[in-house]
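**Student:** Below you'll find the structure I mean.
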Amino acid sequence: MELISNAVSGILIEANSGKIIYEKEKDKKVAIASMTKMVAQIIILENIENGNIKWDDVVTVSRNAADMGGSQIYIEQGEKISIYDLMRGISMASANDATVQMAEVIAGSEKKFVSLMNKKVKQLGLKNTVFKNCTGLDEDGHYSTAYDMAMIARELVVNHPKILEFSSVYEGYLRENTANKFWLVNTNKLVRYYEGADGLKTGHTDNAKYCLAATAKKNNLRLIGIVLGEEESKVRNNEAMQLLDYGFNNVKLKTIKKKGEVIKKVKLNKASSNYISIVLKDDLSVMEGIGTNKKYKYKSMINDIKLPIKKNTTVGKMYVLDNGKKVSSQDLVINKSVDNLSFLELIRNSCINLVNGII
């Protein structure tokens, strides 16, 4: 079946596994416009998660950021604005000025921030993406592919789901309680008109034409669709919805084991607990065709556990096997924090064991 006939390239994946459902020229290197900002969003969210910055931090707008053209929220030099509002501007309005301001907050300059972006795509194992700026404005040597964009979108929604709180909002005021309030309308119309859509990122320049990373979730199945190089925004939106429809009509997500299910109990020596349980970090699921009902085998790989260790630390993976082939996986974590026993506690326990005849 031919889909997205007007797109230069595109792809549809299942978010949990990253498995490809449909593809068209997925490795073709093209301009991707403001979809570039998805990597900026990853870096912003990592800095929030690491405590380097906070949502309510207020920053002073630089001249460089205020002078950015293209899509913007019209921040002015010297203006005070929160990181939360800057992220809303990036996520809803695809604001170049807000993106450059955040680049300067995190890295000191756009150039240094772009270096972080290029480093991030390499960390994700992506080989066909190079950034020259943080906004996606047309520039020689700035490119990506439908596949790489899908993996970047997957990194956002799977590992930084906070992004969906921004990307799913269709409209609202920025700086609402100030004299400089600004009405935002999401550039991604799918979040209003497509059932289950809650993101993710639009893009448009003369070279890239109209692009979209769309994600939607129905019946616990999350899909990510990428369309690149569309001639019109309406066609872009329709073909992105066509991709999502194809996925939801043809595949399902089968949950094999539930989040928190105990996979193994491990005995510990010289620790504050005698045993810990190794559990699934999230549901272990596999994508199947509608009407399919396969039986699967499992395989667990558990690392050496070194104390002390904190609750929810990843200690291995569990794989779903279909005829010996890995088709899905989920992280294994420990269910509670465990400390080393101190020297005095070890002596005390040895005495107790001696009295009880254990040693």
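The values are calculated or read from the model by the stated rules, or taken from the named source; none is laboratory data. These numbers were taken from a predicted model, which means no experiment stands behind them. With ideal geometry, Cβ positions are generated from the backbone for all residues, glycine too; neighbour counts draw on all protein chains shown. SASA here: full protein model, heavy atoms, side chains in, ligands and nucleic acids out. Shrake-Rupley method; radii C 1.70, N 1.55, O 1.52, S 1.80 Å.
**Student:** Which is closer than 14 Å to L253 by Cα, open to solvent by 60 Å² or more (accessible area, probe 1.4 Å) and not basic (K, R), of N293, N312?
**Tutor:** Going through N293, N312 in turn, just one is closer than 14 Å to L253 by Cα, open to solvent by 60 Å² or more (accessible area, probe 1.4 Å) and not basic (K, R): N293.
**Student:** Determine if segment 16-25 includes at least one residue that is assigned to a loop (DSSP other than H, G, I, E, B), under 26 Å from S168 (Cβ atoms) and open to solvent by less than 30 Å² (accessible area, probe 1.4 Å).
**Tutor:** Yes, segment 16-25 has at least one match.
**Student:** Right, next: Select from segment 94-105 the residues that are among the aliphatic types (A, V, I, L, M) and under 19 Å from the mean Cα position of the chain (by Cα) and list them in ascending order.
**Tutor:** If the condition is that a residue be among the aliphatic types (A, V, I, L, M) and under 19 Å from the mean Cα position of the chain (by Cα), then M102, A103 are the ones that fit.
**Student:** A further question on this structure: Sort out which residues of segment 170-180 are in a loop (DSSP other than H, G, I, E, B) and open to solvent by 80 Å² or more (accessible area, probe 1.4 Å), and write them in order of number.
**Tutor:** Hits for segment 170-180 are E176, N177, A179.
**Student:** So which of D97, D85 ends up being under 30 Å from G196 (Cα atoms), touching a Lys or Arg at 6+ places or on another chain (Cβ under 8 Å) and among the charged types (D, E, K, R)?
**Tutor:** Just one listed residue meets the conditions, D85.
**Student:** While we're on this one: Taking segment 319-349, which residues are β-branched (V, I, T), in a strand (DSSP E or B) and at pLDDT below 90?
**Tutor:** Within segment 319-349, V327, I334, V338 meet the criteria.
**Student:** Which residues, counting only those in segment 62-83, are over 27 Å from the mean Cα position of the chain (by Cα) and assigned to a helix (DSSP H, G or I)?
**Tutor:** If the condition is that a residue be over 27 Å from the mean Cα position of the chain (by Cα) and assigned to a helix (DSSP H, G or I), then R63, N64, A66 are the ones that fit.
**Student:** Which of the residues belonging to segment 35-61 are open to solvent by 30 Å² or more (accessible area, probe 1.4 Å) and outside any helix (DSSP H, G or I)?
**Tutor:** N50, G51, N52, K54, W55, D56, D57, V58, T60
**Student:** Same structure again: Could you please find all residues in segment 84-137 being part of a helix (DSSP H, G or I), open to solvent by 10 Å² or more (accessible area, probe 1.4 Å) and in contact (Cβ under 8 Å) with a residue 60 or more places away in the chain?
**Tutor:** D85, R88, A93, I106, L116, K120
**Student:** For the structure I just gave you, tell me whether L164 is buried (at least 18 other Cβ atoms within 10 Å of the Cβ) and either more than 14 Å from the chain's Cα centre (by Cα) or more than 30 Å from D331 (Cα to Cα) (or both).
**Tutor:** Judged against the criteria, L164 is not a match.
**Student:** Provide a single number: the residues in segment 142-169 that are part of a loop (DSSP other than H, G, I, E, B) and more than 19 Å from Y210 (Cα to Cα).
**Tutor:** Within segment 142-169, residues that are part of a loop (DSSP other than H, G, I, E, B) and more than 19 Å from Y210 (Cα to Cα) number 5.
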